[in-house]
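Engineer: Next up is a structure, given as structure tokens.
The values are calculated or read from the model by the stated rules, or taken from the named source; none is laboratory data. These numbers were taken from a predicted model, which means no experiment stands behind them. All Cβ positions, even for glycine, are placed from backbone atoms using ideal geometry, and neighbour counts span all protein chains on display. Keep in mind that these areas ignore ligands, DNA and RNA; they rest on the heavy atoms of the full protein, side chains included. Shrake-Rupley method; radii C 1.70, N 1.55, O 1.52, S 1.80 Å.
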Amino acid sequence: MTLLTSRIVTCRPYFICRVTLLLLLYKGQAWSPTLHRSSRLSAISSRLMMESTAQPRPPKHVVIVGGGVIGTTTAYYLAEHHEISSTIIDPSGTIAPAASGKAGGFLALDWNDYSPVGPLARRSFQLHQEIADKLGGDKIQYRRLTCASIRVGPRAAAKPKGKKLEYVEWAQTEEDFSTVLAARPLGDESTIAQVHPKLLCQSLWEVASKSKEEGGVGSKLVQGKAVGVEYDEKTEKLVGVRMEGTDTIIEGDAVLFACGPWTANIMTGVKYHSVVIPTDQTLSQCVFFSGCGDPEVYVRPDNTAYCCGFPDAEVRVQEEPGQEEVRPEAVQRIVDAVKEASGGSLDGDNASLPAKSSSCYLPTTPDNLPIMGPLLSKDCGGGPGCYIATGHSCWGILMGPASGESMAALIATGKSNHVNIDPFDPARFQDDMLVLKK
């Protein structure tokens, strides 16, 4: 399928080039004892320096700018793994107001294996299962399911009557098969899962915000817009985050910027519209259609299907989180595409009246990799004690837990514990990036 191919194959050249480069460098050094010895001494020196600074004093309270999946998972792991409280600042005053509350929640174990984000995706897929086991799968609509790529076309090109195609769960009658030209599996219950993003974020926040009397750390949610960080003039220590339009400082000795496409001036967003339509039965197969506009359908356990497609062009996002315009013509285009692609079988009689429609922006970076790590330069709006995590594009929900786990560990202990996040170092953009600026 074209969409899947673009998500995986485009990462191969980068991966191959890096491996080749590393091998060439290693072979080149092997022929030079002096260079090899110098490199070893440099590595030892660097390691000693890292060990001497690897255990910083953990912060007492972390301010998280952004209430999406990255912010809430970080707050969750700060509370659960490190007993550190946090304050989430969001303009909407709610959890997951933008893409994190409007996404499809599709989870794939191995679709990013040929990309630098592969380890992050695999770790996160595991954490999604752990979260479901702990909080309750039904509460967040988590389940394992299958996925298929289905090529569709005009009814005139349909398969002969009586020909049943494998891997097409929702097709029950000859009429349902009328548009199907071919189908192939993209994953089964061992590699594919789903979760309801809004319910996931809200459930994680319930844990992070549990009061001290209830055995929690008492994290808080504040409505407002952060405009910058504040340092003590005498000690030069981070004291908190300045709020727009007031003299208020939200106190904290560490800050994480995690506002999706609103995080920094180098960020852009790709706007997607989506609809949630009723289904006549509970389905357990997500579908990537090829043809009829290439709609994507993520079925849910509550007899609905989340459908999306037809992304807008990449832009600098001007709309506010949670206030993204929903264009009726874009919604109808998705409904029509799903109805045509499925031969009417996925929409029942209610496709013209979707249960819900929405739009959101997928946060993107100049090199299409996340930005995760310390934000040490005050020139870009950060400084000591500041961190950033954003830019996960269409895989934000999938990679949310591992990103939150990694950032919580980095903030609390000085290093990520399970995933190497060096490839996402914000230093690669430090000369051009300015946080909280459009």
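Engineer: Could you check, for segment 203-218, whether at least one of its residues is assigned to a loop (DSSP other than H, G, I, E, B), in contact (Cβ under 8 Å) with a residue 60 or more places away in the chain and of a type in the set (Val, Ile, Thr)?
Structural biologist: Within segment 203-218, one or more residues are assigned to a loop (DSSP other than H, G, I, E, B), in contact (Cβ under 8 Å) with a residue 60 or more places away in the chain and of a type in the set (Val, Ile, Thr).
Engineer: What's the total number of residues in segment 120-139 that are more than 19 Å from the chain's Cα centre (by Cα) and of a type outside the set (A, V, I, L, M)?
Structural biologist: Total meeting the criteria: 6.
Engineer: Could you check, for segment 90-97, whether at least one of its residues is in contact with a helix residue (DSSP H, G or I) (Cβ under 9 Å, 6 or more places away or on another chain) and within 19 Å of Ser406 (Cα to Cα)?
Structural biologist: no
Engineer: Moving on. Might you let me know whether segment 371-380 holds any residue that is among the acidic types (Asp, Glu) and either in contact with a strand residue (DSSP E or B) (Cβ under 9 Å, 6 or more places away or on another chain) or modelled with pLDDT of 95 or more (or both)?
Structural biologist: Looking for residues that are among the acidic types (Asp, Glu) and either in contact with a strand residue (DSSP E or B) (Cβ under 9 Å, 6 or more places away or on another chain) or modelled with pLDDT of 95 or more (or both), one finds none in segment 371-380, hence no.
Engineer: What number of residues in segment 375-398 are of a type in the set (A, V, I, L, M, F, W, C) and open to solvent by 10 Å² or more (accessible area, probe 1.4 Å)?
Structural biologist: Within segment 375-398, residues that are of a type in the set (A, V, I, L, M, F, W, C) and open to solvent by 10 Å² or more (accessible area, probe 1.4 Å) number 4.
Engineer: Moving to a separate point now. Going by what's in this entry, would Glu314 be described as farther than 13 Å from His273 by Cβ, of a type in the set (Asp, Glu), at pLDDT below 95 and open to solvent by 20 Å² or more (accessible area, probe 1.4 Å)?
Structural biologist: Values: farther than 13 Å from His273 by Cβ: yes; of a type in the set (Asp, Glu): yes; at pLDDT below 95: no; open to solvent by 20 Å² or more (accessible area, probe 1.4 Å): yes.
In short, no.
Engineer: Okay, next question. Pro328 is checked against (1) open to solvent by less than 40 Å² (accessible area, probe 1.4 Å); (2) without any contact (Cβ under 8 Å) to a residue 40 or more places away in the chain; (3) not polar (S, T, N, Q) and fails just one. What number does that condition carry?
Structural biologist: So Pro328 meets the others, but not (1).
Engineer: Of the residues that sit in segment 152-187 and are touching a Gly at 6+ places or on another chain (Cβ under 9 Å) and either at pLDDT 90 or above or among the acidic types (Asp, Glu) (or both), which one is most open to solvent (accessible area, probe 1.4 Å)?
Structural biologist: Ranking the qualifying residues of segment 152-187, first place goes to Glu175.
Engineer: Select, from Met372, Met407, the only residue that is of a type outside the set (Phe, Trp, Tyr), crowded, with 24+ Cβ neighbours inside 10 Å and assigned to a strand (DSSP E or B).
Structural biologist: The conditions single out Met372.
Engineer: Restricting to segment 224-278, and then to whatever is among the basic types (Lys, Arg) and outside any strand (DSSP E or B), can you tell me which residue is least open to solvent (accessible area, probe 1.4 Å)?
Structural biologist: Within segment 224-278, the match that is least open to solvent (accessible area, probe 1.4 Å) is Lys225.
Engineer: Suppose we filter Thr73, Thr94 for residues that are closer than 27 Å to Glu296 by Cβ, at pLDDT 95 or above and open to solvent by 10 Å² or more (accessible area, probe 1.4 Å); which single one remains?
Structural biologist: Of Thr73, Thr94, the one residue that is closer than 27 Å to Glu296 by Cβ, at pLDDT 95 or above and open to solvent by 10 Å² or more (accessible area, probe 1.4 Å) is Thr94.
Engineer: Kindly indicate whether Val287 is of a type in the set (Val, Ile, Thr) and within 30 Å of Val180 (Cβ to Cβ).
Structural biologist: yes
Engineer: Scan segment 267-286 residue by residue and report those that are among the hydrophobic types (A, V, I, L, M, F, W, C) and either more than 18 Å from the chain's Cα centre (by Cα) or on the phi > 0 side of the Ramachandran plot (or both).
Structural biologist: Listed by number, the residues that qualify are Val275, Val276, Ile277, Leu283, Cys286.
Engineer: So, in segment 294-345, how many residues would count as being closer than 23 Å to Gly153 by Cα and assigned to a helix (DSSP H, G or I)? Before you say what the answer is, go through the steps one by one.
Structural biologist: Step one: list which residues in segment 294-345 are closer than 23 Å to Gly153 by Cα, which gives 294-299, 305-311, 329-345.
With assigned to a helix (DSSP H, G or I) added as a condition, the list becomes 329-341.
Total meeting the criteria: 13.
Engineer: All but one of (1) open to solvent by 20 Å² or more (accessible area, probe 1.4 Å); (2) without any contact (Cβ under 8 Å) to a residue 40 or more places away in the chain hold for Gly118; state the number of the condition that does not hold.
Structural biologist: (1)
Yes or no, residue by residue, for (1) of a type in the set (Val, Ile, Thr); (2) in contact with a helix residue (DSSP H, G or I) (Cβ under 9 Å, 6 or more places away or on another chain); (3) closer than 26 Å to Leu199 by Cα:
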{"residue": "Gly260", "(1), (2), (3)": "no, yes, yes"}
{"residue": "Val299", "(1), (2), (3)": "yes, no, yes"}
{"residue": "Cys307", "(1), (2), (3)": "no, yes, yes"}
{"residue": "Gln318", "(1), (2), (3)": "no, no, no"}
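Engineer: To continue, here is another question. Could you identify the single residue in Ser203, Ser190, Ser211 that is at pLDDT 95 or above, under 30 Å from Pro301 (Cβ atoms) and surrounded by fewer than 18 Cβ atoms within 10 Å (Cβ to Cβ)?
Structural biologist: Numbers: Ser203 fails: surrounded by fewer than 18 Cβ atoms within 10 Å (Cβ to Cβ); Ser211 fails: under 30 Å from Pro301 (Cβ atoms).
Answer to the selection: Ser190.
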